[in-house]
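Participant: Sharing a structure below in structure tokens format, with a few things to ask.
Only the coordinates and a few stated rules stand behind these numbers; no lab work does. Bear in mind that the values here come from a model prediction, so they are computed numbers and not experimental data. Quick reminder, even Gly has a Cβ in these numbers, built from the backbone with ideal geometry, and neighbours come from all protein chains shown.
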Amino acid sequence: MTTIQVRNVSDETSRALKAKAALEGRSLSDYLLRELDRLATRPSRAELLERIASRGVATLEPAVQVLAEQRPGR
């Protein structure tokens, strides 16, 4: 296991994180470890934008047309 040290955390941020950990009944260390694990598994913004760009463009009928087609049956 590796140890990570974070410097220059503001008092306000520290208090907020401690409060969130307490609300979940966790220690600050356990809370932050879970959040870091969650963060590490999420795609970066660049990866997310690349995924979006690689998708094809969907062609949909205009909403007005869809609604008009459904109205007579009501």
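Participant: Would you compute, from DSSP H runs of 4+ residues alone, the mean residue ellipticity of the chain at 222 nm, taking -39500 (n - 2.57) per run and dividing by the full residue count, rounded to the nearest 500?
Facilitator: -18500 deg cm²/dmol
Participant: Each residue of region 39-44 in order: what ³J(HN,Hα) in whole Hz does its phi give by Karplus 6.51 cos²θ - 1.76 cosθ + 1.60, θ = phi - 60°, with x for Gly and Pro?
Facilitator: Listing the rounded values in order: 5, 5, 8, 7, x, 6 Hz.
Participant: Further question on the same structure: Amide H to amide H under 5 Å from R26: which residues, 5+ apart in sequence or cross-chain, H placed 1.01 Å off N in plane?
Facilitator: It is none; the list stays empty.
Participant: Stokes-Einstein diffusion coefficient for the chain at 37 °C in a medium of 0.692 mPa s, Rh from the Kirkwood formula over Cα pairs: what value in µm²/s? Mind showing how you got there, number by number?
Facilitator: Numbers: Rh = 17.3 Å.
The estimated diffusion coefficient comes to 189 µm²/s.
Participant: So if R0 is 35 Å, what FRET efficiency would E47 and A22 give, r being the distance between their Cβ atoms, rounded to the nearest 0.05? The partial results should precede the final answer.
Facilitator: Numbers: r = 33 Å, r/R0 = 0.95.
E(calc), rounded to 0.05, equals 0.55.
Participant: On to the next question. Please give the helix 11-23 orientation as an angle from the longest Cα principal axis of the chain, in degrees from 0 to 90, rounded to the nearest 10.
Facilitator: 80
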